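Reviewing the structure listed below.
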Amino acid sequence: MPLQVNDQLSLLADILRSHQLDQCGSDSECQQLERLTNSLLQNPQTPIELRETLIAIQTYSQYSGQSPSLDQHIIQSNGDLNQWMNVIDNM
């Protein structure tokens, strides 16, 4: 059974929150972020207001795989992580 939009957004926010609080993460979490954003962007039930935020999260997750230090990438993205979680939490 596929996850509903709200479930996917909750999972997305949980991973982002974990990155922000722990200031570290794993490649598998970033891959999960990318899969979630892809799914949400393709789902017509996803609120259009989230599109820019989802694209930004998708870019963040894609760049994390190319970054020499994932933890440093997460630390440098702290402000963005906070902003994205606020947008998701307010949906």
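Structure summary
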quantity: Theoretical FRET efficiency, 1/(1+(r/R0)^6), r = Cβ-Cβ of GLN4 and GLN31, R0 25 Å, to 0.05; calculated: 0.75
quantity: Peptides ranked, highest mean first, by Cβ atoms within 10 Å: ranges 71-78, 31-38; calculated: 31-38, 71-78
quantity: Convex hull volume per residue for the range 5-89, taking Cα atoms only, in Å³; calculated: 74 Å³
quantity: Axial C-alpha extent at least 18 Å, average Kyte-Doolittle at least -1.0 - helices from the chain (DSSP); calculated: 5-22, 27-42, 51-66
quantity: Under 18 Å from the THR59 label point (7 Å along Cα→beta-carbon), backbone N, the range 75-91; calculated: 75-88
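Taken together, the values in this text are just the output of simple stated rules run on the coordinates, not laboratory data. Just so it is clear, the structure is predicted and the values come from calculations on it, not from any experiment. Virtual Cβ from ideal backbone geometry, glycine too; neighbours counted across all protein chains shown.
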